Amino acid sequence: MAIKNIVFDLGNVLVDFDPAAYLQSFGYDESTVTRLLETVFAVAWPAGDRGDYLSLTQMRDVLVNTYPEDADVICQVLQPDCVKMHTLRSDVAAFLHTLKTRGYRIYLLSNLAKYSHDFVSQYAFFKDIDGGVFSYQEHVCKPEARIYHILLERYALVPQETIFLDDNAANIAAANRCGMHGVLFTTLLCAAEDITKLLQE
């Protein structure tokens, strides 16, 4: 079947997301960075993606109560502007726009918290989006099968007509199991080559 739909992940595909670099920008020592990566970004942040936290303030309060010894750095890190970690990859956004102008329908499927969604939705590429499924709204995250089925059913997408682009191999494997054509994003050049091959089949 000819490809009609192309689904993009957000984090580290359309927008950069690098918590380690963000934490290092504060000048913390290595042990503090490691600790915050574990407590904030390996545990609490994914919970926000799932919709357990609808605000950074809520997440911050829970973490401060759980880790009072790190209260000062947690409050410093989880300020409202921390969502600015999500920085636009303009080259990927331009590639998305090119695909849109060629007539393909463009969708987003992302593990994303409400506060992150509120920030990234300002980017101009959202004007090219035909639909999207975000984990905080569905309370389910990739690579769980249900979030892929939500996308396919909500927009009546035929899996065999759909490419899914993501930087996480487990998420690609899950998309393939649903019948989509998974493309692992490493660089834009490689991803564009893989997508072009699929579009020509």
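The values are calculated or read from the model by the stated rules, or taken from the named source; none is laboratory data. Model, not experiment: these values are computed from the prediction. Cβ coordinates were reconstructed from backbone atoms using ideal geometry, including for glycine residues, and neighbour counts include every protein chain displayed.
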Conditions (1) in the same structural domain as residue 12 (by TED's automatic domain parsing); (2) more than 22 Å from residue 136 (Cα to Cα); number of the one not met by residue 108: (2)
Count of residues meeting criterion [of a type in the set (Val, Ile, Thr) and more than 17 Å from residue 164 (Cα to Cα)] in region 106-136: 1
Failed item in (1) under 21 Å from residue 18 (Cα atoms); (2) assigned by TED's automatic domain parsing to the domain that holds residue 175, with residue 150 passing the rest: (1)
Scope region 119-142; condition part of a helix (DSSP H, G or I), exposed (fewer than 13 other Cβ atoms within 10 Å of the Cβ) and under 17 Å from the mean Cα position of the chain (by Cα); matching residues: 124
Among (1) surrounded by 20 or more Cβ atoms within 10 Å (Cβ to Cβ); (2) at positive phi - the single one residue 51 does not satisfy: (1)
Qualifying positions in region 56-103 - assigned to a loop (DSSP other than H, G, I, E, B) and either under 22 Å from residue 25 (Cβ atoms) or acidic (Asp, Glu) (or both): 67, 78, 79, 86, 89
Within region 166-193, considering residues that are without any contact (Cβ under 8 Å) to a residue 40 or more places away in the chain and in a loop (DSSP other than H, G, I, E, B), the one farthest from residue 45 (Cα to Cα): 179
Complete set of residues in region 143-165 that are touching a Gly at 6+ places or on another chain (Cβ under 7 Å) and either in contact (Cβ under 8 Å) with a residue 60 or more places away in the chain or not in a helix (DSSP H, G or I) (or both): 155, 160, 164
